[in-house]
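Novice: Can you keep this structure in mind? I'll have questions shortly.
The values are calculated or read from the model by the stated rules, or taken from the named source; none is laboratory data. The model shown is predicted, which means the values in this text are computed figures rather than measured ones. Positions of Cβ are generated from backbone atoms using ideal geometry, with glycine treated the same way; all protein chains shown enter the neighbour counts.
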Amino acid sequence: MSRRPHQLSKSRFTAGLQCHRQLWWRTHEPDAPELVPDAGTQAIFDTGTLVGEIARDHVPGGTLIDLPYDDFAGKLAATKAALATDTPAIYEASVSADGVFVAVDILQRDGDGWRLVEVKSSTSVKPQHVPDAAIQVHALRAAGLTVTGAEVMVLNSACRYPDLSNLFRREDVSADVEASLPAVAAEVKTQLAVLAGPLPEVETGPHCNAPYACPFRSRCWAEVPEHHVSTLYYQSANAQKYLDQGWVTIFDLPDGSVKNPTADRQRRAVQAGRMIVEGALARSLERFRAPLAYFDFETVMPAIPVWDGCGPYTQVPVQFSCHVEAEDGTLTHHEWVPEGPGDPRAEVAARVVEACRGAACVVAYNSTFEKRALEHLAAAVPFRAAELRDVIARMVDLLPVVRDHVYHPDFGGSFSIKAVLPALVPEFSYEGLEVAKGDDAANVLATLLFAPETMTPLERSARREALLEYCKLDTLAMVKILHRLRELAAAGAGA
Ligand code: SF4
């Protein structure tokens, strides 16, 4: 049996709270291309599924309603049967009432009633979790169940592997849920009426991005012109102010209207149609002394910790690339990527120390990230701590050099290496790489380490090569950018 087409669910209801137009599309066009998850979104979904499954072990002894996704009638019948037993909990307990179908993560027996436990893969309870729980309490009570309270169960930041006994913590949200129930009942009626009618008109606004980015933005938002004021560096809070003044693009902004010096350099470069280089660039480059080790880490952040001392989402450096440039300009490349689920940190630490040995400067692009990763390794591999901290001491950051001295109109308001490289060194770019973003790399790395069985040996080898190629380009990009900056500095300010 399928759900009635206009029935609400937890996800539809929360989408409807954000926007009735989004709710309408999600319900009437469930196969819309915008709703097909990309690899990053799918990875987030998979994490949520894994966390939900593990959460059940922390409320043990319950009955799982384990039926195909669309067997709604079967789920309702199985839940009814489980409710009639003395089971201490029901996982995926399904009810349908008042036009709403919900499958509750964990319904835990509490005296003569039941307690709702909503499992989240985050490490904190967020305001948007309250309506998630409230719509379920509303449906459970409409179905005739006694609900004694509602809790949100999240991952516990204080948990440290190997002791996973405190992997979760539960927060009681009963008071907030009870307070919201009258509004939930009214909103259910409104949303059901919306779904029975034509596509509603809704103005675009901040709600399109909060609490979640709406997948239908390309349908509602007019195309933003190039150099729109919203692309000004670090000025998103001021974008509406500029628009209210009638300044739509950076070309419209008069002298003195942008206070942030970096954003103002962007304004001047865009209006002049050329790159701006500040006179102090040459001086800022003096610190970059050969031999130089250009260095970059890739990391994984498992929701469920797997290595000693790690908590949920601890960021662990597992792969690196390092180009060493000798005083005569000769380049030597070092790289490493692990395979399999074993703790790679001792090996990574040893190889990092070796790669950077002898370098006067270790160049990073946004060094805060690399320094934090090196500190993590120092804590995880104490006998290497002194050598790893010596790498930190030699680290110099290329990003602020670009940000504070150079703006090319093609940066588009970003100083990420992916934005800066093709503008400064057009013959190099990340286009065409199989792995092309840090997030992609993290997902591929996680699959390679923790789920290698999901790939054939040939796929594993191809993914490994793609990761190495991506990380290698990150450090080669730094080499090329530094060389280009030196050329610009030699050519003088204003080039
Ligand atoms: S883009 Fe905005 S207005 Fe359009 S459906 Fe999404 S949330 Fe609603």
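Novice: Identify the residue in region 321-339 that is in contact with a helix residue (DSSP H, G or I) (Cβ under 7 Å, 6 or more places away or on another chain) and in a loop (DSSP other than H, G, I, E, B) and, among all such residues, is modelled with the highest pLDDT.
Specialist: The extreme case among them is Val337.
Residue by residue, here is whether (1) over 29 Å from Gly113 (Cβ atoms); (2) outside the structural domain of Leu192 (by TED's automatic domain parsing); (3) modelled with pLDDT under 95; (4) within 16 Å of the ligand (Cβ to nearest atom) holds:
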| position | (1), (2), (3), (4) |
| --- | --- |
| Phe13 | no, no, no, yes |
| Trp25 | yes, no, no, yes |
| Ile44 | yes, no, yes, no |
| Gly62 | no, no, no, no |
| Asp71 | no, no, yes, no |
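Novice: Here's something else I'd like to know. Starting from residues that are more than 8 Å from the ligand (Cβ to nearest atom) and over 21 Å from the mean Cα position of the chain (by Cα), keep the ones in region 206-229 and report whichever is surrounded by the most Cβ atoms within 10 Å (Cβ to Cβ).
Specialist: Val229
Novice: Quick check: is even one residue across region 238-257 without any contact (Cβ under 8 Å) to a residue 12 or more places away in the chain, within 13 Å of the ligand (Cβ to nearest atom) and either loosely packed, with under 13 Cβ neighbours inside 10 Å or more than 30 Å from Val36 (Cα to Cα) (or both)?
Specialist: no
Novice: For the structure I just gave you, tell me whether Arg56 is outside the structural domain of Pro302 (by TED's automatic domain parsing) and in contact with a strand residue (DSSP E or B) (Cβ under 6 Å, 6 or more places away or on another chain).
Specialist: Yes: the conditions hold for Arg56.
Novice: Which residue pairs have Cβ atoms closer than 7 Å, lie 6 or more positions apart in sequence or on different chains, and pair a first residue in region 201-218 that is modelled with pLDDT of 90 or more with a second residue that is among the aliphatic types (A, V, I, L, M) and more than 7 Å from the ligand (Cβ to nearest atom)?
Specialist: Once the first residue is modelled with pLDDT of 90 or more and sits in region 201-218, its partners that are among the aliphatic types (A, V, I, L, M) and more than 7 Å from the ligand (Cβ to nearest atom) give Pro215/Leu35.
Novice: Just give me the residues in region 404-421 being assigned to a helix (DSSP H, G or I) and either buried (at least 18 other Cβ atoms within 10 Å of the Cβ) or free of Cβ contacts under 8 Å to residues at least 40 places away in the same chain (or both), in sequence order.
Specialist: His405, Pro409, Asp410, Phe411, Ile417, Lys418, Ala419, Val420, Leu421
Novice: Which residues, taken from region 308-320, are among the hydrophobic types (A, V, I, L, M, F, W, C) and either in contact with a Gly (Cβ under 9 Å, 6 or more places away or on another chain) or outside any loop (DSSP other than H, G, I, E, B) (or both)?
Specialist: Val316, Val318, Phe320 - these are the residues of region 308-320 that are among the hydrophobic types (A, V, I, L, M, F, W, C) and either in contact with a Gly (Cβ under 9 Å, 6 or more places away or on another chain) or outside any loop (DSSP other than H, G, I, E, B) (or both).
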